[in-house]
Amino acid sequence: MKKSPGTLKVFIADSSQLSCQLIAAELRRGRYPTRVIGFATDAIGIREGLDKNEPDVAVVGAHLEDGALAGFDVTRQIRASHYECGVVMLLDSSEPTLVVEAFRAGASGIFCRNQPSKLLSKSIRAVHQGAVWASNEELHFLIAALGPTLPAKVTHLRKEGVLTAREEGVVHLVAEGLTNRDISQQLNLSEHTVRNYLFRIFNKVGTSNRLELALYAINRKEDDHQQKPLALLA
């Protein structure tokens, strides 16, 4: 279903009311229109807030009043309860274990507090549009942790010409974290056409979602780099 490009409803959950208010203030200054529809600092408040407000995206801190790393359990509960909102997890740092666990818990995006705050609204918009929000470094953590468990046709597919040049371009942009809307604008295509390209690409390379496709693209890029002969020094 096509996501509305209008103002997004955002629910914020973090370790304190002050922290939630600071995040809300940053979103109000952001480039993309958002409306904060509620705060919570513990699991009960989050569940009640999601039931009452039906946000488009929930921003969930790793640490809540329930305890350190309680945000991971809350994110699992959000996914298990079939809430339709996307989840952006707030981490104190890009520690590999935390990054991998956040995605395993069901987050669609990772935002570290040491990143430029102006990118937070962009990460929320990207997740709402169906993209995975993560830095290249964070995606490499996922490759290291999850790569061996991906389907063989994802990690080892080397058949030349399996993708057209246009499809290769779409894969590259997905790996860069662009949304369908961004890709449509960059390639001068309709969003409907981009979705059709992604459907065909998923079938060709054996992936089922954008995250697997991004991992496939990065994995393949690393394999290509490793296979290139080293230049001899004169």
Approximate spin-label separation L119-Y32, in nm, with each point projected 7 Å along Cα-to-Cβ: 1.4 nm
Built amide H within the under 5 Å cut-off of T34, gap 5+: L8
Centroid-to-centroid separation of segment 99-134 and segment 12-32 [C-alpha atoms, Å]: 15 Å
Residues with amide H under 5 Å from that of G61, placed H, sequence gap 5 or more: A13, D14, L90
Zone of A144's modelled label, taken as backbone nitrogen in segment 81-116 under 13 Å from a point 7 Å along Cα→Cβ: 94-101
Under Karplus coefficients 6.51, -1.76 and 1.60, residue-wise ³J(HN,Hα) of segment 181-186 in Hz, glycine/proline x: 5, 4, 5, 4, 6, 6
Global geometry of segment 8-134, whether rounded, prolate or oblate, following the gyration tensor of its Cα atoms and the 1.5 cut on a/c: rounded
Length gained when the stretch S16-K204 is fully extended (0.36 nm per residue, less Cα-Cα span): 63.1 nm
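Every read-out reported here was derived from the displayed coordinates using simple, explicitly stated rules and does not represent laboratory data. This structure is a prediction, so every number in the text was calculated from the model and none was measured. We place every Cβ from the backbone using ideal geometry, glycine too, and count neighbours over all the protein chains shown.
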